[in-house]
Amino acid sequence: MIRIARPADLDAIAALHTRARATYYQGRIPEEEYGGAAELARTREGWSAAIARSAAEGAVLCAEQEGGELAGVAAFRTEAGGATLTQLHVEPVHWRRGTGAALHAACVEAWRRAGVRRARLEVYEHNLRAQAFYAAQGWLADPADSRPGSHRTLWLELPGE
């Protein structure tokens with residue numbers, strides 16, 4: 001089931017985020033940068049702010065399993081006919097079970113209802129699994145994004161009605 005996040009979900013979301021990030025950052029950047037105390041506090045603060053956004057500003061969506069277990073989370077911002085997918089994380093034990101696809105579809109549906117025609121995201125350059133997932137969902141690499149760095153920009157065009 002996909003639903004809007006509630007403030008009571010904050011701890012579970014932050015923990016899921018940290019576990020998911022560890023799968024692609026581990027061995028590439030120092031653990032302190034994705035799992036240290038300061039980063040964990042920043043992560044929790046960021047998710048708290050995202051959950052508190054108004055519906056006009058975006059949403060945080062949770063994928064919940066039977067029994068209430070959080071299996072995935074996605075967050076996006078909307079503005080001026082566009083959207084930015086800021087986060088999409090699936091609990092590693094739930095990979096390849098359709099959780100990410102269901103979260104993505106729920107984001108796309110929310111964007112369509114909001115009149116969004118184009119969405120943007122950034123993905124860690126070494127997270128090839130995520131890049132393959134987004135490509136399968138129709139996201140395309142930004143050809144103008146030739147800057148060196150740790151992330152790649154992707155775009156998704158949403159068809160009009």
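The values are calculated or read from the model by the stated rules, or taken from the named source; none is laboratory data. Since the structure is predicted, the reported quantities are computational estimates derived from the model, not experimental observations. Positions of Cβ are generated from backbone atoms using ideal geometry, with glycine treated the same way; all protein chains shown enter the neighbour counts.
Some points to look at:
- Some residue of the stretch 29-47 being modelled with pLDDT under 95, in contact with a helix residue (DSSP H, G or I) (Cβ under 9 Å, 6 or more places away or on another chain) and of a type in the set (Phe, Trp, Tyr): yes
- Scan of the stretch 69-98 for residues that are under 19 Å from Asn127 (Cα atoms), in contact with a Gly (Cβ under 7 Å, 6 or more places away or on another chain) and surrounded by fewer than 20 Cβ atoms within 10 Å (Cβ to Cβ), ordered by number: His94
- Residue match in the stretch 86-101 (condition: closer than 18 Å to Cys62 by Cα, among the charged types (D, E, K, R) and under 14 Å from the mean Cα position of the chain (by Cα)): yes
- Yes/no for Ala8 being buried (at least 19 other Cβ atoms within 10 Å of the Cβ), outside any loop (DSSP other than H, G, I, E, B) and at pLDDT 90 or above: no
- Residue in the stretch 54-74 that is farthest from Trp139 (Cα to Cα), counting only those that are in a strand (DSSP E or B) and without any contact (Cβ under 8 Å) to a residue 60 or more places away in the chain: Ala71
- Per-region count, the stretch 106-145, residues in a loop (DSSP other than H, G, I, E, B), modelled with pLDDT under 95 and within 19 Å of Val73 (Cα to Cα): 1
- Condition broken by Trp139, with the remaining ones in (1) buried (at least 16 other Cβ atoms within 10 Å of the Cβ); (2) in contact (Cβ under 8 Å) with a residue 24 or more places away in the chain satisfied: (2)
- Flag for Ala101 being part of a strand (DSSP E or B), at pLDDT 90 or above and closer than 24 Å to Asp9 by Cβ: no
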